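Notes to accompany the following structure.
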């Protein structure tokens, strides 16, 4: 009887003890788990091959100088004197002209839906949107803007590796695959040589068109660059990582 | 079905419902935090605040919902061990200031963005991802918030904007820094970046 009296409290004591030990162990394990989590490796930064880092850093500094001292004042003037609607119109116009690049890139990746949407957008924007200055296709749900495709992404989708990371003078971050893609884009682009559809295309006009295209895209680029530079411990490293992640994501989508 | 197995299923079901609603509650908490931070930046009553004051208020709002140290520790990774205790604390504080500065300054002069939270997905053990779209200056951006259940509760450990992970981006920079530099150099660099901001301390946003 006496033993029976002790049995129940003993059982309770054992249970409470067990719960306490389990709880403490769990907490301890959780703490270790939290610490282990902080030391996890990232897939995203694995394998950014940068054998030309010293040259790339030099080019990065050069581009930074050009951006800050030439492009920035030019863009500031452009945005100051140009009404927003004109800025948007110029951006739409040049974007519409790059349709053949996007169409070919979609087709080469077997993205027929993307090719269809791009074609619809081009047809609507070139006609209703007056040679692409406006983008009325945005109003149609089935022809809403999609991610822009280029030849560099095509190469990526075909399994071609990125190659070394490169910083191109005036153009910024790239890699060997995307550099080859740039030549591909140019070959398809109807207003750029060698496939230009315009006969007797004087170099001055070519330069002016390319310059206008570049300037119309610059406000956004400059804005992003300034943000990145202002919040980066190492802007070169940040741009390298950001560009690589962005392109890998675009190829994977 | 025996009474015992019925009870077991009932308990399991209740646990599942509790887990799902606890995760869903994170969406509300996140939306609340985003709105509170944007209210500080865009509220009419705050137009007289300096950039520095706005950053301080935004920080208060963010920290009342989440432990920002988690995201910064995740971004620092193994480099944490390369610093002494004092350096660790200083780096945590300086990176926090830098990230908040970038957030507030990034919205400078822009219309209030409209942020809509989307689907919540479980992406691993004690990890969730909340999709969101941000419309800023007529452009739409896709942003993912990644949260993990830590000892201190659900915490944001990464934000992925347009395929670019913020934590990974900082990890890449910090890894590159520690290949040649030390904790003291990192602190000096961070102070330098923040000092540039001090010049514009009284700039009105």
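Given a cut-off of under 8 Å on Cα pairs at least six residues apart, what relative contact order in percent is computed for region B:3-194? Let's see the in-between values first.
Working: 209 pairs, mean separation 39.0, N = 192.
Over region B:3-194, the number comes to 20 percent.
For every helix of n ≥ 4 consecutive DSSP H residues, a contribution of -39,500 (n - 2.57) applies; sum these over chain B, divide by its total residues, and give [θ] at 222 nm rounded to the nearest 500 deg cm²/dmol.
On the way: 6 runs with 118 residues, N = 205.
Rounded to the nearest 500, it is -20000 deg cm²/dmol.
Counting other beta carbons within 10 Å of each residue's own, what order do A:202, A:40 fall into, fewest first?
By the 10 Å Cβ count, ascending, the order reads A:202, A:40.
Please report how far the C-alpha centroid of region A:202-253 lies from that of region A:79-104, rounded to the nearest whole angstrom.
Their Cα centres are 16 Å away from one another.
Compare B:146, B:59, B:82 in a GNM of chain B, Cα atoms joined below 10 Å, and give the one with the largest fluctuation.
Sorting by GNM fluctuation, first place goes to B:82.
Which value results for Rg/Rh of region B:3-194 when Rg is the Cα radius of gyration and Rh the Kirkwood radius based on the inverse mean 1/r? Walk me through the numbers on the way to the answer.
Numbers: Rg = 19.2 Å, Rh = 18.6 Å.
Rounded to two decimals, Rg/Rh equals 1.04.
Treat the count of other C-beta atoms within 10 Å as a stand-in for reagent exposure and order B:142, A:99 from fewest to most.
Details: B:142 14, A:99 20.
So the residues, fewest neighbours to most, are B:142, A:99.
With the contact rule set at Cα under 8 Å and sequence spacing of 6 or more, what percent relative contact order holds for region B:98-205?
Answer for region B:98-205 is 17 percent.
Over chain B, with a Gaussian network built from C-alpha contacts below 10 Å, which listed residue (B:61, B:78, B:101) shows the highest mean-square fluctuation?
B:78
Enter the angle in degrees (range 0 to 90, nearest 10) between the Cα long axis of helix B:166-180 and the first principal axis of the Cα atoms of chain B, meaning the one along which they spread out most.
On a 0 to 90 degree scale, this one is about 50.
Does region B:64-174 classify as rounded, prolate or oblate by the C-alpha gyration tensor (a ≥ b ≥ c root eigenvalues; a/c under 1.5 gives rounded; else a/b over b/c gives prolate, otherwise oblate)?
oblate
Measure nothing but the geometry: give the 0 to 90° angle between the long axis through the Cα atoms of B:51-65 and the longest principal axis through the Cα atoms of chain B, rounded to 10°.
Compared with the principal axis, the helix lies near 20 degrees.
Treat the count of other C-beta atoms within 10 Å as a stand-in for reagent exposure and order B:95, A:66, B:58 from fewest to most. Write out the running numbers ahead of the final one.
Numbers: B:95 24, A:66 13, B:58 21.
Ordered from fewest to most neighbouring Cβ atoms within 10 Å, B:95, A:66, B:58 come out as A:66, B:58, B:95.
Can you give the direction-averaged projected area of the convex hull of the alpha-carbon atoms in region A:56-183, in nm²?
Values: hull surface 36.4 nm².
Mean projected area of the Cα convex hull: 9.1 nm².
Quantify how strongly other chains surround peptide A:227-239 by giving the mean number of their Cβ atoms within 10 Å of each of its Cβ atoms.
Values: counts 4, 4, 1, 8, 13, 7, 16, 10, 1, 2, 9, 6, 2.
What the average comes to for A:227-239 is 6.
Take peptide B:115-126, look around each residue's Cβ out to 10 angstrom, count Cβ atoms belonging to other protein chains, and average those counts. The partial results should precede the final answer.
Working: counts 0, 0, 0, 0, 0, 0, 0, 0, 0, 0, 1, 3.
What the average comes to for B:115-126 is 0.
Averaged across B:156-165, how many Cβ atoms of other chains sit within 10 Å of each residue's Cβ atom?
Numbers: counts 0, 3, 2, 0, 3, 2, 6, 12, 11, 8.
That average works out to 5.
So how tilted is helix B:3-42 from the main axis of chain B? Cα-based, degrees 0 to 90, rounded to 10.
Approximately 20 degrees, to the nearest 10.
Every number in this text was worked out from the coordinates using simple rules, so none of it is lab data. All of these numbers come straight from a predicted model, not from anything done at the bench. Please note: Cβ atoms are built from the backbone with ideal geometry, for glycine as well, and neighbour counts cover all protein chains shown.
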